[in-house]
Amino acid sequence: MIVSNSVHLLRQQCLANSTRPFLARGKSVRRCAVCLLAEPVCICTWAVTRDSEVDFVLLLHHDEVFKPTNTGRLIADIFPANVSAFEWSRTEPAADLLALLADPARYPVIVFPADETSGRTIHTSAPPLQGKRLTLLLLDGTWRQASRMFRSSAWLADLPVLTFASAQEGRYAVRQKIRDGQLATAEAAAELLRLCGEEANGEVLEDYFLVFNEHYLATRSGRPVEQLPAHQRLAALRVGG
């Protein structure tokens, strides 16, 4: 069962401040208020709460806050105590976000496919932490939006960057890829957890993503949900946990 998390709180704040409603595709569909999927294919019961030694900061483009196709929120569903979520602003980032990134107990890193020509410190594996807590900042938006967020946010310019190449092709079938090797935000987070030695946590997040992907596709095509091995593994964790 999904517990309240930072993405839910951010969505509520943005809804309260919004001057017009967000109308997603399929706006006539009756959706679960928590997971945002159509009620018959709700995935809330498949969420398994886990803890991690890695913290994530989701920096969401405004468009992503309300989109039911957003996958960054899946990370918060599984790791509610390890995820902070903020709406991106080019010039006026939230004070709480700046304080978090400036926390001397943390080692914040932007996850983005940059290279040495960017002038930033680049990591291609888990960085040396020297007793600090690894805090991975994920730019959550389309590829074009994330690129703009990375390049135009002066307040992020001094942060080091973690870039990695995935051995697997992205499996997000709900949105169209626009570049080779592109992963959904939740897929990238699962790979990052593995990179940091949290293989089991990476597997759980990937399974939850696969369940989300299948349930969403079933809605679009008007077919029954196919029961995947990922369903079985998450069900076993729910029973065992």
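The values are calculated or read from the model by the stated rules, or taken from the named source; none is laboratory data. Small disclaimer: the values here were computed from a predicted structure and weren't measured. Because the Cβ atoms are built from the backbone with ideal geometry, glycine has one as well, and the counts that use them run over all protein chains shown.
Of all residues in the stretch 128-162 being modelled with pLDDT under 90 and assigned to a loop (DSSP other than H, G, I, E, B), which is surrounded by the most Cβ atoms within 10 Å (Cβ to Cβ)?
Among those that are modelled with pLDDT under 90 and assigned to a loop (DSSP other than H, G, I, E, B), it is 142.
With the checklist (1) among the acidic types (Asp, Glu); (2) over 20 Å from residue 140 (Cα atoms); (3) at pLDDT below 95 in hand, flag the one item residue 51 doesn't pass.
That leaves (3) as the condition not met.
Kindly indicate whether residue 120 is over 25 Å from residue 215 (Cβ atoms), crowded, with 17+ Cβ neighbours inside 10 Å and at pLDDT below 95.
Yes: the conditions hold for residue 120.
So which residues in the stretch 216-241 are closer than 21 Å to residue 70 by Cβ and of a type in the set (Lys, Arg)?
Within the stretch 216-241, 220 is the sole residue that qualifies.
For the stretch 72-127, give me the residue count where each residue is part of a helix (DSSP H, G or I) and under 30 Å from residue 235 (Cβ atoms).
Number satisfying all stated conditions: 10.
Pairs under 8 Å by beta carbon, first residue within 15 Å of residue 50 (Cα to Cα) in the stretch 186-204, partner outside any helix (DSSP H, G or I) and of a type in the set (Phe, Trp, Tyr), six or more apart or different chains?
189/56; 201/79
Taking the criterion of being closer than 30 Å to residue 227 by Cβ, without any contact (Cβ under 8 Å) to a residue 60 or more places away in the chain and among the charged types (D, E, K, R), would at least one residue in the stretch 30-38 satisfy it?
Within the stretch 30-38, one or more residues are closer than 30 Å to residue 227 by Cβ, without any contact (Cβ under 8 Å) to a residue 60 or more places away in the chain and among the charged types (D, E, K, R).
Tell me which residues, restricted to the stretch 126-151, are touching a residue at least 60 places away in the same chain (Cβ under 8 Å) and over 20 Å from residue 185 (Cβ atoms).
133 - this is the single residue of the stretch 126-151 that is touching a residue at least 60 places away in the same chain (Cβ under 8 Å) and over 20 Å from residue 185 (Cβ atoms).
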